[in-house]
Amino acid sequence: MMNAKKPIREELPEDPKMPMKASGIRLLIVGVVVMALGYILMMGGGSDDPNVFNYAMFDFRRTVLAPIVILGGVAVEIVAIMKVFKK
């Protein structure tokens, strides 16, 4: 005789818990703040007069530092999502 098949989906527990701990959520918030700081660093450099080109938009802060800070925030987000926090 054939065995009865198990259901593909298992029943959910009566008390489902949050999959992320508080430290993971804090790390997510830190990552968002770091990325926002990178975007703030990228702002500015425009010209008040449209006929005048402003080379200040190509300085170190906007072209190098801000993208590195944003990528750092993305790395913090990845760690916050992937890391398993113990009690």
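Being in contact with a Gly (Cβ under 9 Å, 6 or more places away or on another chain) and among the polar types (S, T, N, Q) is the filter here; which residues of region 39-87 pass it?
Once the filter is applied, which keeps residues that are in contact with a Gly (Cβ under 9 Å, 6 or more places away or on another chain) and among the polar types (S, T, N, Q), region 39-87 yields only N54.
Across region 48-87, what is the number of residues that are hydroxyl-bearing (S, T, Y) and either within 22 Å of G24 (Cα to Cα) or under 25 Å from the mean Cα position of the chain (by Cα) (or both)?
Here the count works out to 1.
Return the only residue of A56, A66, A75 being among the small types (G, A, S), in a helix (DSSP H, G or I), modelled with pLDDT under 90 and surrounded by 11 or more Cβ atoms within 10 Å (Cβ to Cβ).
Within the list A56, A66, A75, the selection yields A56.
Within region 21-47, count every residue that is modelled with pLDDT of 80 or more and assigned to a loop (DSSP other than H, G, I, E, B).
Here the count works out to 3.
The values are calculated or read from the model by the stated rules, or taken from the named source; none is laboratory data. Bear in mind that the values here come from a model prediction, so they are computed numbers and not experimental data. Don't worry about glycine lacking a Cβ; one is built from the backbone with ideal geometry, like all the others, and counts go over all protein chains shown.
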